[in-house]
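Input: a single structure, listed below in structure tokens.
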Amino acid sequence: IVNLDRIWVNGVELHPGEYLAENSDEPTTTPLTDNYTTAHLEALLTIAGQKGGQARVTLSDRGGSVLYEETRALNGQDQVEFCSIIEGAKLWSAEAPNLYPLTVTLTNALGRVTEVSRTMVGFRQFEMIDKIMCLNGKRIVFHGVNRHEFDCDRGRVMTRELLLRDIHDMKAMNINAV
């Protein structure tokens, strides 16, 4: 995918051997059920180059407490699926971006760690309800602006501090789409 002056590459680039191949657009999904009160974690791992060993998935909260952990043997299959209900998960939204660290650890047949991959996961459900965009069952209202990066002193050269100040100001004015 080309995005202006950047090329976004999906997956993890590693040396040949045993590795986790993240070649799916959405290897982890987080559907909600029971009127958005029950969170599910569904992780589909694609394994390449490994015939034995184990895969362990760990989901923690921000404080480090383990919410879910499971280990599965790798018996030559290319994909391993992990599914669980996560009790008490806080839902993700733009106003409350609750994220949880998800760690995948691969070990070889000798028990040696061959790869550790970590990503942040949020529990949310986007859907169209009667032609209205909804997040976690609530209508999304867009308050947007057209923005051009410009500073009266620096012109189009923006510093990190200026960008953060602009974002803070936009959030204070209830702008949620740029």
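The values are calculated or read from the model by the stated rules, or taken from the named source; none is laboratory data. No experiment lies behind these values; they were computed from the predicted model shown. As a convention, Cβ positions derive from the backbone with ideal geometry for all residues, glycine included, and neighbour counts pool all protein chains shown. Accessible surface is based on the protein model in full, side chains and every heavy atom, while ligands, DNA and RNA are left aside. Shrake-Rupley method; radii C 1.70, N 1.55, O 1.52, S 1.80 Å.
In terms of solvent-accessible area of protein heavy atoms at a 1.4 angstrom probe, what is the ranking of LEU91, LEU110, highest value first?
Ranked from most to least accessible, the order is LEU110, LEU91.
Can you pull the one-decimal nm distance between simple spin-label points at GLN79 and VAL157, each 7 Å off the Cα toward Cβ?
5.0 nm
Stretch MET128-LEU99 to full length: gain in nm at 0.36 nm per residue minus the Cα-Cα span?
Difference between extended and current length: 8.1 nm.
Tally up the carbon and sulfur contribution to the accessible surface of region 59-178 as a whole percent, 1.4 Å probe, everything protein left in place.
51 percent
How big is the accessible area of HIS40 in square angstrom, nearest 10, if you roll a 1.4 angstrom probe over the protein chains?
Here the accessible area works out near 40 Å².
Apply the Karplus parameterisation 6.51 cos²θ - 1.76 cosθ + 1.60, with θ equal to phi minus 60°, to every residue of region 94-105 and state each ³J(HN,Hα) to the nearest whole Hz, in sequence, with x for glycine and proline.
Calculated HN-Hα couplings, in order: 5, 7, 9, x, 6, 10, 10, x, 10, 10, 10, 10 Hz.
Please grab the % of Cα pairs in region 71-117 that end up more than 18 Å from each other.
Roughly 50 percent, rounded to a whole number.
For region 23-123, which GluC sites (Glu not before Pro) pass both filters: DSSP loop (anything but H, G, I, E, B) and at most 11 other C-beta atoms within 10 Å?
Listed in order of number, the matching sites are GLU87, GLU95.
From the C-alpha gyration tensor of region 103-178, pull out the three semi-axes of the equivalent ellipsoid (sqrt of 5λ each), sorted largest to smallest, in whole Å.
Output for region 103-178: semi-axes of 38, 27, 9 Å.
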